[in-house]
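The structure under discussion appears below in the form of structure tokens.
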Amino acid sequence: MNTLLWVVIPYACLAVFVAGHIWRWRHDQFGWTTHTSQLLENRLLRLGSPLFHLGAFGVIAGHAMGLLVPASWTHALGVSEHTYHLVSVTGGVITGVMLVVGLALLIARRFVSGRIRRVTTRMDKVLYLALTAMVVLGMSGTVVINLFGDGYDYRESLAVWFRQIFYFQPDPSLMTGAPLVFQLHALGGFLFLALWPFTRLVHVWSAPLAYLSRPYVVYRRRRGPAPEPQPAPASVRNVVPGL
């Protein structure tokens, strides 16, 4: 069972993540978009979207630092375990609260506005449910265990197992002693990656780099009076020559 959970499923999810993006790009380029509903409702979106995106960027950056940077590197830089824990928990709580508030506002507008509710697809509902589950599990680990609980040093187990996946040498035993909420969060993270290519999240990879090199659109001011309107072709054909 441990091999299935911590070896087979992660690699299967990563394979779906890569193959799903390739399939989506080849067969659904017109759907490769955010499907924005800004024109239908902007009041809650104007507040919820920045909070969600800023919080998400902070959470992703925190995960990258915690999972990809070994503890020996921070120790070599002179960062004590207490300092790292303080910065990690503080940053995680702040960005996590921003993410929670932003996500709550984005979900609320789907129910408050009838027009938004009618354009919400089934995959949108699955995406919001998955995001909610991931946020709840992540905040539970940060707040309940690391802030108010006994704490858990995930860098000595979970982070090592995560890096080993990319070395193709994952050790399932590193995850067996982790708290349940961290196990569910790690497993849910890979399942979320498998869901990613089939949702609107693919717009993350569509950076508008072409705007940096495309020619400018030049607008010229019209000088003098506007030209007289020309008759429609049907009116010209109905005119009898010589009259």
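The values are calculated or read from the model by the stated rules, or taken from the named source; none is laboratory data. None of the values given here were measured: they were computed from a predicted structure. With ideal geometry, Cβ positions are generated from the backbone for all residues, glycine too; neighbour counts draw on all protein chains shown. Accessible surface is based on the protein model in full, side chains and every heavy atom, while ligands, DNA and RNA are left aside. Shrake-Rupley method; radii C 1.70, N 1.55, O 1.52, S 1.80 Å.
Figures for the structure shown
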| read-out | value |
| --- | --- |
| Residue order for Glu81, Glu41, Glu228, Glu156 - accessible surface, 1.4 angstrom probe, largest first | Glu228, Glu156, Glu81, Glu41 |
| Dipole-positive endmost among Phe111, Gln183, Val202 within the range 96-209 (Cβ charges, Cα centre) | Phe111 |
| Computed magnitude of the charge dipole of the range 1-126 (debye, nearest 20; Cβ of K, R +1, Cβ of D, E -1) | 780 debye |
| Listed peptides 180-187, 128-135 by packing density, highest first (mean Cβ within 10 Å) | 180-187, 128-135 |
| Positive dipole terminus of the range 93-169, leading residue within Gln164, Tyr154, Met98 (C-beta point charges) | Met98 |
| Within a Gaussian network of the chain (alpha carbon springs, distance under 10 Å), most fluctuating of Val89, Val126, Val204 | Val204 |
| Shape of the chain, Cα gyration tensor, a/c cut at 1.5 | prolate |
| Given charges at beta-carbon only (K, R positive; D, E negative), |dipole| of the chain in Debye | 1760 debye |
| Which of Ser88, Ser113 is most accessible, then next, and so on - probe 1.4 Å | Ser88, Ser113 |
| Cα gyration tensor shape for the range 36-164, rounded if a/c is under 1.5, else prolate or oblate | prolate |
